[in-house]
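Chemist: My questions all concern the structure below.
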Amino acid sequence: MLNPAAGKGAARRRLHEITQSFAAFGIVDIRETLRSGDEERATLEAIAEGWTTIAVIGGDGTCSRVADAIVRSGADCALAVIRAGTGNDFAKMLGVAGYDHGRLAALIAAGNTTAIDVGRIDGRHFVNSCGFGFDASVLEASKRVRLLKGDAVYVYAALAQLFTYRGRTVAIDQDPASSHDQKLMVTVSNGRSLGGVFRIAPHASVIDGQLDVCVIRDASVWQRVRLFAAAIRGTHETLAPVRAFRSAKLSLAFSSPPAIELDGELTHAKRGTVTIECLPRALRVIAAPDARL
């Protein structure tokens with residue numbers, strides 16, 4: 001399944017090479033999304049036609065929407081990914097980000113799958129992460145970056161937001177002591193990375209039935225710079241403004257419905273209080289044999 005807009009057109013540019021590699025293994029049926037949000041229609045049509053695996057040519061947002069449709073349908077259909085997005089966090093999680101198209105085609109054709117956890121918020125399923133505060137603000141700013149590609153887009157946008165973003169108050173049911181603190185950001189992760197380069201949940205597993213929560217209190221500009229650098233290395237959890245814990249389910253209460261970074265896409269909550277939960281082993285995927293899930 002192709003999202004032609006993924007990676008600022010990277011998916012479309014690679015299509016010929018991809019189709020040639022997959023045709024060698026008898027995989028020739030290519031479907032294309034027509035517009036944003038069209039993944040559900042295309043996924044349900046493929047499932048109705050008997051597809052047992054859907055390989056997404058796109059980024060995290062496309063993978064997330066296809067995964068959501070598969071899980072909600074209850075179908076026994078696996079998900080694979082051919083990276084063509086900006087951050088490609090899902091492909092990295094599955095260990096296939098460095099695979100060339102021929103190696104990917106062979107892996108998908110072999111059909112070996114494993115079941116991973118997914119998260120759910122406001123009735124929408126996610127495979128990698130959801131974030132509030134700074135994270136969502138950076139994602140919104142990244143949409144205005146035109147001259148950069150790949151991981152550099154999120155890094156550039158994050159650097160700019162370090163000096164301008166204002167924190168907000170959020171009450172977390174499993175962190176009552178900090179309910180009145182201003183938060184820089186809160187992330188709830190299934191996978192380990194965010195924005196391509198930030199190891200926001202360095203110890204996360206997608207097969208443990210838990211979500212990794214990272215709460216960062218608001219901080220001075222200098223502390224923010226330290227946090228930024230540490231998050232790239234995955235060492236930020238040792239810094240004073242950070243609290244990290246695992247949970248299968250939690251609730252966050254905001255003064256108004258918050259913006260949410262959801263698998264690399266910007267959306268908004270339906271209400272001021274949001275509940276996030278983990279659905280253990282709810283999605284079959286095709287991962288690299290040596291992937292650290």
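The values are calculated or read from the model by the stated rules, or taken from the named source; none is laboratory data. Small disclaimer: the values here were computed from a predicted structure and weren't measured. Neighbour counts run over all protein chains shown; Cβ positions are idealised from the backbone, glycine included.
Chemist: Go through the residues of region 56-64 one by one and say whether even a single one is under 28 Å from Arg192 (Cβ atoms), touching a His at 6+ places or on another chain (Cβ under 8 Å), modelled with pLDDT of 85 or more and not in a loop (DSSP other than H, G, I, E, B). Give the steps one after another, and end with the answer.
Modeler: Narrowing region 56-64 to residues under 28 Å from Arg192 (Cβ atoms): 56-64.
This time we only want the ones that are touching a His at 6+ places or on another chain (Cβ under 8 Å), so: 64.
Next, only the ones that are modelled with pLDDT of 85 or more stay: 64.
Within this subset, residues satisfying the condition of being not in a loop (DSSP other than H, G, I, E, B) are 64.
Yes, that holds for at least one residue.
Chemist: Quick one: how many residues across region 259-293 are surrounded by fewer than 20 Cβ atoms within 10 Å (Cβ to Cβ) and not in a strand (DSSP E or B)?
Modeler: Residues that pass the stated criteria total 10.
Chemist: A further question follows. Select from region 101-112 the residues that are in contact (Cβ under 8 Å) with a residue 24 or more places away in the chain and not aliphatic (A, V, I, L, M) and list them in ascending order.
Modeler: His101, Gly102, Gly111, Asn112, listed by residue number.
Chemist: With the requirement that a residue be hydroxyl-bearing (Ser, Thr, Tyr) and out of contact with any strand residue (DSSP E or B) (no Cβ under 8 Å at 6 or more places or on another chain), what does region 32-65 give you?
Modeler: Scanning region 32-65 gives a single hit, Ser36.
Chemist: Right, here's the next one. Could you tell me whether region 76-84 includes any residue that is among the hydrophobic types (A, V, I, L, M, F, W, C), closer than 30 Å to Tyr156 by Cβ and touching a His at 6+ places or on another chain (Cβ under 8 Å)?
Modeler: Looking for residues that are among the hydrophobic types (A, V, I, L, M, F, W, C), closer than 30 Å to Tyr156 by Cβ and touching a His at 6+ places or on another chain (Cβ under 8 Å), one finds at least one in region 76-84, hence yes.
Chemist: Next question, about the same structure. Under 6 Å by Cβ, and 6 or more places apart or on different chains, what pairs join a residue from region 22-51 that is in the same structural domain as Ser64 (by TED's automatic domain parsing) and closer than 26 Å to Gly102 by Cα with one that is part of a loop (DSSP other than H, G, I, E, B) and modelled with pLDDT of 80 or more?
Modeler: Within 6 Å, the pairs are Ile47/Ala75; Ile47/Cys77.
Chemist: Still on this structure, please answer the following. Could you count how many residues in region 98-119 are within 23 Å of Gln20 (Cβ to Cβ) and either assigned to a strand (DSSP E or B) or of a type in the set (Phe, Trp, Tyr) (or both)?
Modeler: Here the count works out to 1.
Chemist: Find the residue count for region 217-265, including only residues that are closer than 19 Å to Leu159 by Cα, among the acidic types (Asp, Glu) and out of contact with any helix residue (DSSP H, G or I) (no Cβ under 7 Å at 6 or more places or on another chain).
Modeler: 1
Chemist: I'd like the residue in region 180-230 that is among the acidic types (Asp, Glu) and at pLDDT below 90 and, out of all such residues, is farthest from Phe254 (Cα to Cα).
Modeler: Per the criteria, the residue is Asp218.
Chemist: Please determine, by comparing only the residues of region 246-258 that are hydrophobic (A, V, I, L, M, F, W, C) and not in a strand (DSSP E or B), which one is surrounded by the most Cβ atoms within 10 Å (Cβ to Cβ).
Modeler: Residue satisfying both the conditions and the ranking: Phe254.
Chemist: Now for a different question. Restricting the search to region 66-91, which residues are touching a strand residue (DSSP E or B) at 6+ places or on another chain (Cβ under 8 Å) and part of a helix (DSSP H, G or I)?
Modeler: Val66, Ala67, Asp68, Ile70, Val71, Arg72, Asp89, Phe90, Ala91
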